[in-house]
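S.K.: Structure below; questions to follow.
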C-alpha cells in the first residue's frame, strides 16, 4: 500500500504534466537534445567495455590449447562473441589474464560476456529509438510552416502510390493540428482526475458526510451497475496509469529498464512483472476505500483485509493514503530534483532535464544533427533519384536537408571527425589516466562531433 501511494502520488502530477508538455514540440526537442548526450555516453561506454571483454576472450582462446580439458568451455564463450568468431582484428594489448585459467574464471568471463553484450544491445536500441523520436520532432517543427499542408520528411521515406498524397495530408493534420490539441485536452482531463483522486484520498475516512468525490459519484449511481462498472473501470485504469508509469520510469542503479524492439532482458521483465502483480491488490483495495463502500465487497471476501502490519497498528493502512500529499508536493515543486542536483546526483526518475546547461544542449544538438546527416546520406544512396519526401527532386539529388527549426549551425565534416576522434580518446580508459588529461570530462563538452551511424540504421 505504501508503494502504491508513493508511486501514485508521483504519477498524479507527472502524467498530466507530461501530457501538457508533450504539446510543446520545441521544448520536447530541447529536452531530447540533452538526453542524447547521456544516451550516447552510455552507448560508448558499453562499446568500450564489450571490446575489453572480447579482447580478454581472444587472449584466453590463444592461451588455452586445443588439447586442454577447458577448451570446450572456451569455445562456448567464443560463440557468444561475434567479433572473436568472425576473425576480426582485436587489440589485446590491455587484456590481463591470471597465471592459470580455471573453470571458475571461465564461468565469470562467460557471465561478463553475456552482460556486456546485452548492455550494448540495450543502449544501442535506446539510442536508435531516441533518434527516431527526435527526427520526428524536427520534421514536425519543420512542417509547421508548410504552405501545402502536407507532411514532408527527408529521413522517413513515404510511398509514392495511389494514396501517398492523402497520407501526407492526414499526417500533417494529425501531427500539426490534432495531436497538440488532443494532448492538452487529455492533460486537462488528467488534471481533473488527479485533483479528484488527491481530494478523495485525504477525505475518504469521512463517512458522515461522505466527502470523497468518487464515493459521492458511486452513491449517486445507485443500482445502475453498468454505470458503476464504467466509473470503476475508468478510475482504476487512471490509477494504474499513474502507478505503473512511475514504476517504469524508476531508475534502480540502471539495472532494470524496459527497452524497445524486444531488447528488454529477462531480469527486467521479471522485476517489472512481479511488481505489476504486487501493486494490483493494494491498488484495488485503495479504490474500495475511496468509494466508501459500506458493504463487504466480493474482492475483500476473497482476498481478505490488509492488516499485515500489526506493529504499526491495525488502522495503519486506513491512514496511509494521507501520505499521498508528500509525493504530490515533492513532485509538483520538483523538490527531489533540486535536492539531488545540489549534491550533483542524478534523478531517480527518468524525467525532463530542466537544469541542464547549454553545453549539454549544444553537444546533443550536434550529435543529432550528424546522425540525421548520416541517415539522409544512406537514404540517398539506396534510393538515388527517387522522391523519398514527395516534395522536390533536388532533395534526392543534392541531399538538401529541410531548414532546421532551431537554426542549427552547419558542421564541417572534417573538423568534426577530428573533434570526434579527440572525444573518443578522452572517453577511453587508457587515455583518461594519461598525464595531462585529468580534465578530459570537461574537455569533451562543446565538441563538434561526427558519428558514423550508417550501421545503426
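Throughout, read-outs are computed from the coordinates displayed, never taken from laboratory work. Being a predicted model, the structure only gives us computed values, none of them experimental. In this analysis, Cβ positions are derived from the backbone assuming ideal geometry, glycine residues included, and neighbour counts consider all displayed protein chains.
S.K.: What distance in nm lies between label points placed 7 Å from Cα along the C-beta direction at residue 234 and residue 148?
M.R.: Modelled inter-label distance: 4.3 nm.
S.K.: Now, a different point. Mind ranking 238-246, 257-265 by how tightly packed they are, going by the mean number of other C-beta atoms within 10 angstrom, highest first?
M.R.: Working: 238-246: 20.8, 257-265: 14.8.
With the highest mean Cβ count within 10 Å placed first, the list reads 238-246, 257-265.
S.K.: Please report 104, 184 as a ranked list, fewest other C-beta atoms within 10 angstrom at the top and most at the bottom.
M.R.: Values: 104 8, 184 15.
In order of increasing Cβ crowding within 10 Å: 104, 184.
S.K.: So how far apart, in nm, are the two label points at residue 322 and residue 216 if each is 7 Å from Cα heading toward Cβ?
M.R.: For residue 322 paired with residue 216, the spin-label model returns 2.2 nm.
S.K.: For the residues 370, 24, what sequence is obtained by ranking on other C-beta atoms within 10 Å, fewest first? Could the numbers behind the result be given before it?
M.R.: On the way: 370 21, 24 14.
Final ranking by Cβ density, sparse to dense: 24, 370.
S.K.: Between residue 377 and residue 45, what's the calculated FRET efficiency when r is the beta-carbon distance and R0 is 30 Å? Round to 0.05. Don't jump to the answer; show the numbers that get you there.
M.R.: Working: r = 27 Å, r/R0 = 0.89.
Efficiency, from the Cβ-Cβ distance: 0.65.
S.K.: Related question: Using the Kirkwood radius over C-alpha pairs as Rh, can you work out the diffusion coefficient of the stretch 106-177 via Stokes-Einstein at 25 °C, viscosity 0.890 mPa s, in µm² per second?
M.R.: Values: Rh = 15.0 Å.
For the chosen part, D equals 164 µm²/s.
S.K.: Still on this model: Suppose the chain between residue 165 and residue 262 were pulled fully straight at 0.36 nm per residue; how much longer would it get relative to their current alpha carbon spacing? Present the calculation step by step, with values, prior to reporting the outcome.
M.R.: Details: separation 97, 0.36 × 97 = 34.92 nm, distance 3.29 nm.
Answer, rounded to one decimal: 31.6 nm.
S.K.: So what's the gap between the Cα centers of the stretch 224-280 and the stretch 1-67, to the nearest angstrom?
M.R.: So the separation of the two Cα centres works out to 19 Å.
S.K.: In addition: Can you tell me the order of 48-55, 172-179 when each peptide is scored by its average per-residue count of other Cβ atoms within 10 angstrom, highest first?
M.R.: Working: 48-55: 19.4, 172-179: 15.1.
Order by mean packing, descending: 48-55, 172-179.
S.K.: Per the Cauchy relation, a quarter of the hull surface: what is the mean projected area of the convex hull of the alpha carbons in the stretch 141-242, in nm²? Please report the intermediate quantities before stating the final value.
M.R.: Values: hull surface 42.1 nm².
Computing the convex hull of the Cα atoms and averaging its projections yields 10.5 nm².
S.K.: How would 232, 358 line up from fewest to most surrounding beta-carbon atoms within 10 angstrom?
M.R.: Result, fewest neighbours first: 358, 232.
S.K.: Another one. Estimate the FRET efficiency between residue 129 and residue 329 by the formula 1/(1 + (r/R0)^6), using the beta-carbon distance for r and 25 Å for R0, to the nearest 0.05.
M.R.: Working: r = 33 Å, r/R0 = 1.31.
Step by step, r from the Cβ atoms, then E = 0.15.
S.K.: Say each of residue 207 and residue 67 gets a label point 7 Å from the Cα, pointing the same way as Cα to Cβ; how far apart are those two points in nm?
M.R.: Roughly 8.6 nm, to one decimal.
S.K.: Using only the Cα atoms of the stretch 221-301, what do you get for the radius of gyration and for Dmax, in Å?
M.R.: Using the Cα atoms of the stretch 221-301, the pair Rg, Dmax is 16.4, 49 Å.
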